[in-house]
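I have placed the structure first, in the form of structure tokens, so that the comments after it can refer back to it.
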Amino acid sequence: QVQLVESGGGSVQAGGSLRLSCAASGFSFGSYYMRWYRQAPGKERELVAHTIYRGSTNYADSVKGRFTISRDNARTMVDLQMDALKPEDTAVYYCYARGYKEYWGQGTQVTVSS
């Protein structure tokens, strides 16, 4: 049974930090690239950060320099460290895996107040 379980969301003031974690199971984690997406109310889901097996990363321009994605292939987990948070970062954040198939987590809410 495939599972992507996010944790670490919550409420924080602008300028604060949060760390999201995604625990993956049920598929060959090392063969998949992993992403974090987010969706704000009334907006389309957007890609936030991406990482492949060997650790290469990419980020949306809006989060570059503030967010860091990392993966632990041994523990089959992918994290998103979010620093210098802004109110516009408020959204539901989703973990995503893509390889032979694609999988989504259930999402975790992040709320940043000004």
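The values are calculated or read from the model by the stated rules, or taken from the named source; none is laboratory data. If you're wondering where the values come from, they're calculated on a predicted model, not measured in any experiment. No Cβ is skipped: glycine too gets one built from the backbone with ideal geometry, and neighbour counts run over all protein chains shown. Just the protein is used for accessible areas: all its heavy atoms, side chains included, with ligands, DNA and RNA removed. Shrake-Rupley method; radii C 1.70, N 1.55, O 1.52, S 1.80 Å.
Restricting the first residue to segment 2-25 and requiring it to be touching a residue at least 60 places away in the same chain (Cβ under 8 Å), which pairs with a second residue that is basic (K, R) and surrounded by 12 or more Cβ atoms within 10 Å (Cβ to Cβ) meet a Cβ separation below 9 Å and a spacing of at least six or different chains?
Taking only residues 6 or more apart or on different chains, the pairs are G8/R19; A14/K86; G15/K86.
Looking at this structure, is V63 under 10 Å from the mean Cα position of the chain (by Cα), in contact (Cβ under 8 Å) with a residue 12 or more places away in the chain and crowded, with 16+ Cβ neighbours inside 10 Å?
no
Considering only segment 60-82, state which residues are of a type in the set (S, T, Y) and not in a strand (DSSP E or B).
Selection gives S62, T76.
Just checking, how many residues over segment 83-114 are out of contact with any Pro (no Cβ under 9 Å at 6 or more places or on another chain), closer than 17 Å to G16 by Cβ and assigned to a loop (DSSP other than H, G, I, E, B)?
4
On the given criteria, is R35 in contact with a His (Cβ under 9 Å, 6 or more places away or on another chain), of a type in the set (K, R) and surrounded by 14 or more Cβ atoms within 10 Å (Cβ to Cβ)?
yes
Is it the case that segment 80-97 has a residue that's farther than 22 Å from G10 by Cα, under 14 Å from the mean Cα position of the chain (by Cα), exposed (fewer than 15 other Cβ atoms within 10 Å of the Cβ) and not aliphatic (A, V, I, L, M)?
no
In segment 38-60, how many residues are among the polar types (S, T, N, Q) and either open to solvent by 80 Å² or more (accessible area, probe 1.4 Å) or in contact with a helix residue (DSSP H, G or I) (Cβ under 8 Å, 6 or more places away or on another chain) (or both)?
Summing the residues that are among the polar types (S, T, N, Q) and either open to solvent by 80 Å² or more (accessible area, probe 1.4 Å) or in contact with a helix residue (DSSP H, G or I) (Cβ under 8 Å, 6 or more places away or on another chain) (or both) in segment 38-60 gives 1.
Please determine whether any residue of segment 31-41 is part of a loop (DSSP other than H, G, I, E, B), over 16 Å from V5 (Cβ atoms) and modelled with pLDDT under 95.
Checked segment 31-41: at least one residue is part of a loop (DSSP other than H, G, I, E, B), over 16 Å from V5 (Cβ atoms) and modelled with pLDDT under 95.
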